[in-house]
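Asks: Handing you a structure now.
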Amino acid sequence: MNSALPNSFRSGPDERGHFGIFGGRFVAETLMPLILDLEKAYAEAKADPAFQAEMDGYLKHYVGRPSPLYFAERLTEHLGGAKIYFKREELNHTGSHKVNNVLGQIVVARRMGKKRIIAETGAGQHGVATATLCARFGLECLVYMGAVDVERQQANVIRMEMLGAKVIPVQSGSRTLKDAMNEALRDWVTNVHNTFYCIGTVAGPHPYPMMVRDFQSVIGLETRAQMHELEGRLPDSLIACIGGGSNAMGLFHPFLDDPGVEIFGVEAAGHGLTQLHAASIAGGRPGVLHGNRTYLLMDDDGQIQDAHSISAGLDYPGIGPEHSWLHETGRVTYLSATDDEALAAFQLLSRLEGIIPALEPAHAIAKVMELAPKRPRDHLMVVNLSGRGDKDIPQVADILRGRKQ
Amino acid sequence: MTTRIDARFAELKKQGRSAFITFLMGGDPDPKTSLEIIKALPKAGADIIEIGMPFTDPMADGPAIQAAGLRALKAGMTLKKTLAMVREFRKADDTTPLVLMGYYNPIYIHGVDKFLADAKSAGIDGLIIVDLPPEEDSELCLPAMKAGLNFIRLATPTTDDKRLPAVLANTSGFVYYVSITGITGSASADSAAVGQAVARIKRHTKLPVCVGFGIRTPLAARAIAQNADGTVVGTALVDALRASLDGEGNATAGTVEAVAGVVSSLAQGVRGASQAAE
Ligand SMILES: Cc1ncc(COP(=O)(O)O)c(C=O)c1O
């Protein structure tokens with residue numbers, strides 16, 4: 001906690017895209033003019049009531065919002081502490097929160113006259129959401145996906161292809177999300193004139209972290225209103241998993257200035273924090289990658305290290321810059337859950353609530369299992385159920401079968 | 001302040017010729033061979049030498065230079081070793097300008113002030129850092145100027161007349177015009193369009209304008225050199241280096257010669273250009 005506490009945790013970023021020392025625009029000159037154009041186009045859209053009206057229409061009728069805030073009665077009983085609510089982002093069209101952001105960016109891309117959309121994807125959920133909206137609006141769609149992820153998220157690869165997108169397996173580096181992002185950036189530099197880069201999380205150069213956060217904030221805004229209706233007050237705590245941090249930012253942001261609300265982000269601890277993992281706050285330090293300064297996993301020479309998580313969507317050696325700032329200011333507490341903890345949570349939730357979660361939010365559930373029993377029964381805890389587990393069923397089945405043998 | 005870069009361009013201007021600038025990855029395929037290659041470059045015809053600082057995630061580079069960086073990292077190259085290599089080179093050559101090219105993170109982690117002091121004392125003259133646009137000048141560009149190092153900025157086909165002044169404001173040494181929208185080693189440059197772009201940039205600055213990305217052959221180098229103050233070749237040299245390696249990616253007896261040979265023929269191409277009158 002080295003910086004003085006700000007008056008508001010919701011006023012960032014500054015006009016240069018900084019959250020404290022984090023964020024910024026660390027990109028090649030080729031991209032700079034386009035990033036400035038995007039910043040302008042987004043500012044204009046934000047100020048245009050027609051843009052919001054268009055978004056609201058699609059969010060309601062195409063995505064299926066608002067997503068329910070559901071009292072998880074059996075999980076609550078099982079854990080014997082806090083009253084647990086799920087924000088059911090897994091019920092959105094395409095099966096995760098990713099669609100909230102993609103919708104916003106695609107509408108902005110249309111306003112900018114861009115016809116070719118590229119995206120990176122880890123678990124494939126962002127890729128599926130992008131492919132879906134490109135199909136809906138008749139846009140060309142290319143999705144970069146690490147070859148390792150293409151293997152472990154086959155179902156989503158097939159979905160993207162059915163939706164008319166071209167999936168490009170990335171063979172460089174660790175062949176996961178980080179490398180998919182490098183390759184998408186290379187495509188963007190090459191095709192800068194006609195291409196819109198639809199980034200899947202609250203990372204990248206300014207204005208992406210802010211713009212993606214704004215589009216995802218619908219999660220927290222709805223939660224606020226729904227909790228008010230159900231319980232007549234604010235929740236006491238919020239929990240969400242963190243890959244780049246977009247589902248977490250979306251839930252957290254509208255509550256950052258409510259000091260009574262405890263906030264927890266959950267990183268992927270992989271095999272454990274002393275071994276291979278993807279917890280950049282717990283195991284990394286500030287550096288510069290993919291257009292922004294943020295916490296990153298790296299060695300003493302500043303070389304980026306490979307992340308590991310059972311969950312392709314969390315398998316990234318960085319985190320969005322606003323999270324780095326919220327960590328350093330102490331407003332949000334960052335925890336981590338291992339592969340095994342996530343797997344246990346995945347199974348528990350399937351059996352207790354009849355909801356098969358994606359492996360990503362299973363990390364958040366794993367920490368709910370730890371935190372909820374220590375809280376009183378009138379403590380209202382909201383966890384972001386960011387996606388459904390259909391895509392993970394073959395992978396989890398393989399792992400569980402392997403264990404029985 | 002006059003750096004070796006300024007002195008070299010002044011000298012070339014007197015001779016009426018364009019500079020030939022080489023790019024190779026520091027530490028490729030291993031630190032020892034890399035030093036031998038760099039030592040051989042001035043004699044083979046390199047007027048200015050760019051040394052790549054390997055980085056795991058080179059987002060503006062194509063497959064050839066990505067692979068070169070990975071070979072170097074695998075062989076144990078680090079920023080400290082790159083600077084040590086420069087110090088070795090300087091023992092025998094105090095005039096050939098040396099420019100470090102790469103990405104910001106390894107420098108940021110080394111510590112900006114410490115890096116600038118170490119680079120200057122090792123004998124570095126300029127820096128090209130791909131992911132630091134003018135919007136981030138306070139990070140490294142301004143401190144580098146203060147430390148007496150040239151900060152060489154990239155201008156690209158997307159840098160229009162409105163933006164050029166911002167790009168040129170704190171540039172020194174030379175301006176590096178990226179002749180294509182794209183990554184290294186992809187498309188080839190169109191010399192007519194490049195000529196126009198160089199002329200456009202020259203309306204905004206007195207600095208030398210050099211051109212790189214997409215130049216592979218002596219003929220192409222000559223065409224570019226007609227209009228530009230310098231021609232940068234990277235991927236073609238990295239490819240020649242790679243082709244000389246054994247099956248395991250290790251240097252062979254022919255590696256240094258293979259690179260020097262390509263450098264010589266490209267340098268001939270550049271020297272064959274008749275410089276357009278100013
Ligand atoms: C269901 C789900 N949750 C979470 C994430 C992680 O991303 P973020 O941290 O940006 O929400 C992903 C990414 O693929 C995902 O598919």
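Asks: Give me the aspartates and glutamates in straight-line cross-link reach of residue A:40: C-alpha distance below 20 Å, same-chain residues under 8 apart excluded.
Replies: Cα-Cα hits under 20 Å: A:14, A:15, A:29, A:48, A:54, A:214, B:135, B:136, B:160, B:161.
Asks: Could you tell me which of A:195, A:20, A:266 has its Cα farthest along the dipole of chain A towards the positive end, charges placed at Cβ (Lys, Arg +1; Asp, Glu -1), taken about the Cα centre?
Replies: In chain A, that residue is A:195.
Asks: Filter the chymotrypsin sites (Phe, Trp or Tyr not before Pro) in the stretch A:314-405 to those in DSSP coil with at most 15 other Cβ atoms within 10 Å of their Cβ, and list the result. All intermediate terms of the calculation are to be shown ahead of the outcome.
Replies: Details: sites: A:325, A:334, A:346; in loops: none.
Listed in order of number, the matching sites amount to none.
Asks: Measure off 7 Å from each Cα along the Cα-to-Cβ vector at residue A:21 and residue B:250, then give the distance between these two points in nanometres to one decimal.
Replies: About 4.3 nm, to one decimal.
Asks: Under a 10 Å cutoff between Cα atoms, tell me which one of A:184, A:53, A:345 has the largest fluctuation in the Gaussian network model of chain A.
Replies: A:53
Asks: Taking 0.36 nm per residue of separation and subtracting the Cα-Cα distance, what length does fully extending residue A:48 through residue A:300 add? Working shown, then result.
Replies: Values: separation 252, 0.36 × 252 = 90.72 nm, distance 4.68 nm.
Answer, rounded to one decimal: 86.0 nm.
Asks: While we're here: Taking each residue in B:181-187, count the Cβ atoms of any other chain within 10 Å of its Cβ, then average. What number comes out?
Replies: Numbers: counts 9, 7, 8, 1, 0, 3, 1.
Across B:181-187, the average partner-chain Cβ count within 10 Å equals 4.
Asks: Still on this structure: Let's test the formula: R0 of 45 Å, r as the Cβ-Cβ distance of residue A:110 and residue B:170. What FRET efficiency results, to the nearest 0.05? Intermediate values should be presented prior to the final figure.
Replies: Working: r = 37 Å, r/R0 = 0.82.
Between residue A:110 and residue B:170 the formula returns 0.75.
Asks: Cut-off 14 Å, label point 7 angstrom out along Cα-to-Cβ of residue B:90: give me the residues of the stretch B:16-40 whose amide nitrogen falls inside.
Replies: none
Asks: What number, rounded to the nearest 500 deg cm²/dmol, is the helix-based mean residue ellipticity at 222 nm of chain B, given -39500 (n - 2.57) per DSSP H run of at least four residues and division by all its residues? Please report the intermediate quantities before stating the final value.
Replies: Working: 12 runs with 128 residues, N = 278.
One gets -14000 deg cm²/dmol as the mean residue ellipticity at 222 nm.
Asks: Once you put a point 7 Å from the Cα of residue B:2 and another 7 Å from the Cα of residue A:40, both along the Cβ direction, what distance in nm separates them?
Replies: 4.3
Asks: Now for a separate question. Please compute the average number of Cβ atoms from other chains found within 10 Å of each residue's Cβ in peptide B:104-115. Provide the component values of the computation, followed by the final result.
Replies: Details: counts 6, 11, 8, 2, 6, 11, 3, 0, 0, 0, 0, 0.
Mean shielding by partner chains, rounded to a whole number: 4.
Asks: Okay, moving on. Suppose a student asked you for the relative contact order of chain A, using Cα pairs under 8 Å spaced at least 6 residues apart; what percent would you report? Please report the intermediate quantities before stating the final value.
Replies: Numbers: 882 pairs, mean separation 85.9, N = 405.
For chain A, the relative contact order is 21 percent.
Asks: So, one more: At 7 Å along Cα-to-Cβ for each site, give me the label-to-label distance between residue B:204 and residue A:229 in nm.
Replies: 5.3
Asks: Would you work out the relative contact order for the stretch B:149-206, in percent, from Cα pairs under 8 angstrom that are 6 or more residues apart? Walk me through the numbers on the way to the answer.
Replies: On the way: 55 pairs, mean separation 21.2, N = 58.
Dividing the mean separation by the residue count of the stretch B:149-206 yields 36 percent.
Asks: If pairing requires two Cys Cβ atoms under 4.7 Å apart, which cysteines of the protein assembly as shown are left without a partner?
Replies: A:198, A:241, B:141, B:210 - these cysteines have no disulfide-compatible partner (Cβ-Cβ under 4.7 Å) in the protein assembly as shown.
Asks: Also: Could you work out how much longer the chain between residue A:351 and residue A:398 gets when fully extended? Use 0.36 nm per residue separation minus the Cα distance between them, nm to one decimal. Display every interim value, and only then the final one.
Replies: Values: separation 47, 0.36 × 47 = 16.92 nm, distance 1.83 nm.
Difference between extended and current length: 15.1 nm.
Asks: Please work out the Cα center distance from the stretch A:143-201 to the stretch B:214-268, rounded to the nearest Å.
Replies: Centre-to-centre (Cα) distance: 32 Å.
Asks: Residues of the stretch B:4-277: accessible area per residue at 1.4 Å, in Å²? Each step should come with its number before you reach the end.
Replies: On the way: 9840 Å² over 274 residues.
Accessible area per residue: 36 Å².
Asks: Using alpha carbon centroids, what distance separates the stretch B:133-159 and the stretch A:288-354, in Å?
Replies: 33
Asks: A further question follows. So for chain B, averaging the separation of alpha carbon pairs under 8 Å that are six or more residues apart and normalising by length, what relative contact order in percent results?
Replies: RCO, chain B: 23 percent.
Asks: Can you list the trypsin sites (Lys or Arg not before Pro) in the stretch B:1-101 that are in a DSSP coil and have 12 or fewer other beta carbons within 10 angstrom? Before the final figure, lay out the partial values.
Replies: Numbers: sites: B:4, B:8, B:13, B:14, B:17, B:32, B:39, B:43, B:71, B:74, B:80, B:81, B:87, B:90, B:91; in loops: B:17.
Within the stretch B:1-101, no trypsin sites (Lys or Arg not before Pro) qualify (loop, at most 12 other Cβ atoms within 10 Å).
Asks: Can you pull out the chymotrypsin sites (Phe, Trp or Tyr not before Pro) in the stretch B:84-124 whose DSSP state is coil and whose Cβ has at most 13 other Cβ atoms within 10 Å?
Replies: On the way: sites: B:89, B:103, B:104, B:108, B:115; in loops: B:103.
Listed in order of number, the matching sites amount to none.
Asks: What share of the DSSP beta bridges in the protein assembly as shown is antiparallel, in percent to the nearest 5? Walk me through the numbers before you get to the answer.
Replies: Numbers: 16 of 76 bridges.
Of all bridge pairs located within the protein assembly as shown, approximately 20 percent are antiparallel.
Asks: Could you work out the mean count of beta carbons from other protein chains within 10 Å of each residue's beta carbon in B:127-138? Don't skip to the end; give the middle numbers.
Replies: On the way: counts 0, 0, 1, 5, 13, 7, 13, 3, 12, 9, 0, 1.
Across B:127-138, the average partner-chain Cβ count within 10 Å equals 5.
Asks: Okay, next question. Report the residues of the stretch A:366-405 in range of a label on residue A:71: point 7 Å along Cα→C-beta, backbone N strictly under 13 Å from it.
Replies: A:378-381
The values are calculated or read from the model by the stated rules, or taken from the named source; none is laboratory data. No experiment lies behind these values; they were computed from the predicted model shown. Glycine also receives a Cβ, built like all others from the backbone with ideal geometry; neighbour counts cover every protein chain displayed. Protein only, heavy atoms only, side chains kept; ligands, DNA and RNA dropped before computing areas. Shrake-Rupley method; radii C 1.70, N 1.55, O 1.52, S 1.80 Å.
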